[in-house]
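Visitor: I'd like to ask some things about the structure below.
Quick note: the coordinates plus some simple rules give every number you see, no bench work behind them. Keep in mind that what you see is a predicted model, and the values were worked out from it rather than measured. Heads up, the Cβs are rebuilt from the backbone with ideal geometry, glycines too, and the neighbour counts pull from every protein chain shown.
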Amino acid sequence: MLEKLHEEYPLLYGRNYDQADMDDRFTSLVRKHKELFDRDDIMLFSAAGRSEIAGNHTDHNLGMVIGATINLDTIACVSKRDDKRVIIASEGFPVVDVDISDLEIKEDEKNTTHALIRGIAKAFNDKGFKVGGYQANTTTRVLKGSGLSSSAAIEVLAAEIFNNLYASDNLDSVEIAKIGQYAENVYFGKPSGLLDQMSCAHGGIVGIDFKDPANPVITPLEIDFEEHGYAMIITDTKGNHADLTGEYASIPPEMRMVASYFGKKNLREVSYDDFIRNIADIRKKINNDRAILRAYHFFKENERVSLMLKELQDESIDAFLMLVDESGNSSYKYLQNVYPASSPSEQGLSLALAVSEDVLEGEGASRVHGGGFAGTIQAYVPQYLLDKYIERMESIFGKGCTTRIEIRKKPVSRIY
């Protein structure tokens, strides 16, 4: 087993992994599966977290994004069952046990992993695949609440297990991502775009255009930030995530409120010129200035993603980093997702961005990462400032708050 895994590690974990540490991690996972389920006929799967490179809160209005699969993953040891039960024992969490012979939505399962598993099974069933049971134990290094999409990693992992065991790997990463989104939206009860699932499922850096959500356009990118002298750092500000669903959930409908003024469902269907020309009347009709500012962010961010794609394709790193800073400023001022309006005294992200600006002094770039309001920021830090940057952040937000991430090349998949 380990010999095969050694071939996979560079594709999963980049340059800076510890082989002995990973060997111990996988060996422990397999040993735990034997303890829990008394099975030796095992398979191993891996699904990574993701980093949002560009396109902050644009995907849910059919916008453009750039996402990256990263070197922090959730791994699962799996054995097939002969019945319709899916049992998942995730390290540190209660065991999830779902009978997928019943695929009806359960209101009392909203916001639970049970709902996700049932929704994923339903999506496979609707595609004509007769899914059955499996049992798995998992462990993760995708930081929870970090904007690295630990929940999307679990979704695409569970879907890929079904795909491998019961669909002969017929579904590609786009379909796996859509299944995860369906389960999250319909069964789990959380509104979301497709950025998280797509970035976790695909592998590498990808530009994604959601103009036609049924057929998103994927643009793979090849860029190595470390070769250009920059480390990607995620800083977890340890913010309180309680009761933030309303903050996240307000963004898509507020953007759509502006779209509805033009008789459209999503902002992607509205021209920027029409939006600018009609702002005065929009204010009168919808009576929501924040919605207008969020729409302004959408239009400019969507335009910025196109520019960032080109700069990354050309490996124009300085121009790209200038656009990263612009994106962060837009999220702060117009999207307004750097701190919760309901709790203005909690501004860990704002503080982290201020400190980043002070340390970087015009070099590199920083921005809010992911959904925002609490959680993490992302920074591109020149190698010569790396120690200083980490020391400063950890002096404020605590030891271990910073994580150096790399781009993972491999999609969600069975690895053994």
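Visitor: With a point put 7 Å past each Cα toward its Cβ, work out how far residue 319 is from residue 284 in nm, to one decimal.
Guide: For the pair residue 319/residue 284, the computed spacing is 4.2 nm.
Visitor: Residues with amide H under 5 Å of residue 49's amide H, sequence separation 5 or more or different chain, H placed in the peptide plane at 1.01 Å from N; which?
Guide: Residues meeting the criterion, in which the H sits 1.01 Å from N, are 70, 72, 73, 74.
Visitor: Ratio of alpha-carbon Rg to the 2.2 N^0.38 Å globular estimate for region 127-218, to two decimals, please. Don't skip to the end; give the middle numbers.
Guide: Values: Rg = 13.2 Å, N = 92, 2.2 N^0.38 = 12.3 Å.
With N residues counted in region 127-218, Rg over 2.2 N^0.38 Å equals 1.08.
Visitor: Continuing with this model, one more query. Could you state the number of Å between the C-alpha centres of region 59-124 and region 10-28?
Guide: Centre-to-centre (Cα) distance: 25 Å.
Visitor: Could you go through region 335-341 in sequence order and give the Karplus-derived ³J(HN,Hα) for each residue, using 6.51 cos²θ - 1.76 cosθ + 1.60 with θ = phi - 60°, rounded to whole Hz, and x for Gly and Pro?
Guide: 5, 6, 10, 8, 8, x, 4
Visitor: Can you give the Rg to Rh ratio for region 82-122, taking only C-alpha atoms and Rh from Kirkwood?
Guide: 0.95
Visitor: Output ³J(HN,Hα) for region 222-232: one whole-Hz value per residue in order, computed from phi by the Karplus curve 6.51 cos²θ - 1.76 cosθ + 1.60 with θ = phi - 60°, and x for Gly and Pro.
Guide: 10, 8, 10, 5, 5, 5, 8, x, 10, 9, 8
Visitor: Further question: What residue among 324, 348, 393 has its Cα farthest toward the positive end of the dipole of the chain, where the charges are +1 on Lys, Arg and -1 on Asp, Glu, each on the Cβ?
Guide: The residue sitting most towards the positive pole is 348.
Visitor: For region 149-176 and region 246-271, what is the separation of their Cα centres, given in Å?
Guide: Centre-to-centre (Cα) distance: 30 Å.
Visitor: Using the structure shown, select from 238/310; 284/310; 4/80 the pairs with a Cα to Cα distance greater than 27 angstrom. Kindly include the intermediate steps, with their values, before the conclusion.
Guide: Details: 238/310 34 Å; 284/310 38 Å; 4/80 21 Å.
Too far apart for the 27 Å limit: 238/310; 284/310.
Visitor: Using the structure shown, select from 34/84; 32/409; 84/409 the pairs with a Cα to Cα distance greater than 23 angstrom.
Guide: 32/409; 84/409
Visitor: Helix-only estimate, please: 222 nm mean residue ellipticity of the chain, summing -39500 (n - 2.57) across DSSP H runs of length 4 or more and dividing by its residues, to the nearest 500.
Guide: -13500 deg cm²/dmol
Visitor: Charges only on Cβ, +1 for Lys and Arg, -1 for Asp and Glu: so what's the dipole of the chain about the Cα centre, in debye to the nearest 20?
Guide: Around 1140 debye, computed over the chain.
Visitor: I've got another one for you. Residue 79: net charge of surrounding residues, Cβ under 9 Å, Lys/Arg +1, Asp/Glu -1, itself excluded? It would help to have the intermediate numbers written out before the result.
Guide: On the way: positive: 39, 80, 81; negative: 40, 41.
Around residue 79, the charge tally is +1.
Visitor: For residue 373, enumerate residues with amide H under 5 Å from its amide H, sequence gap 5+ or separate chain, H modeled in the peptide plane.
Guide: 338, 339
Visitor: Let a ≥ b ≥ c be the square roots of the eigenvalues of the Cα gyration tensor of region 2-221; is it rounded (a/c under 1.5), or, if not, prolate (a/b larger than b/c) or oblate? List each step's numbers first, then the result.
Guide: Values: a/c = 1.72, a/b = 1.11, b/c = 1.54.
Note, shape of region 2-221 comes out oblate.
Visitor: After finding the eigenvalues of the alpha carbon gyration tensor for the chain, what semi-axes result from the square roots of 5 times each, listed largest first in whole Å?
Guide: 34, 27, 19
Visitor: Quick one: Karplus J couplings for region 40-52, per residue in order, coefficients 6.51, -1.76, 1.60, θ = phi - 60°, nearest Hz, x for Gly and Pro?
Guide: In residue order, the calculated couplings are 9, 7, 10, 10, 10, 10, 9, 10, 8, x, 9, 10, 7 Hz.
Visitor: Please work out the Cα convex hull volume for region 226-405 and give it in Å³ per residue.
Guide: Per residue, the Cα convex hull of region 226-405 comes to 125 Å³.
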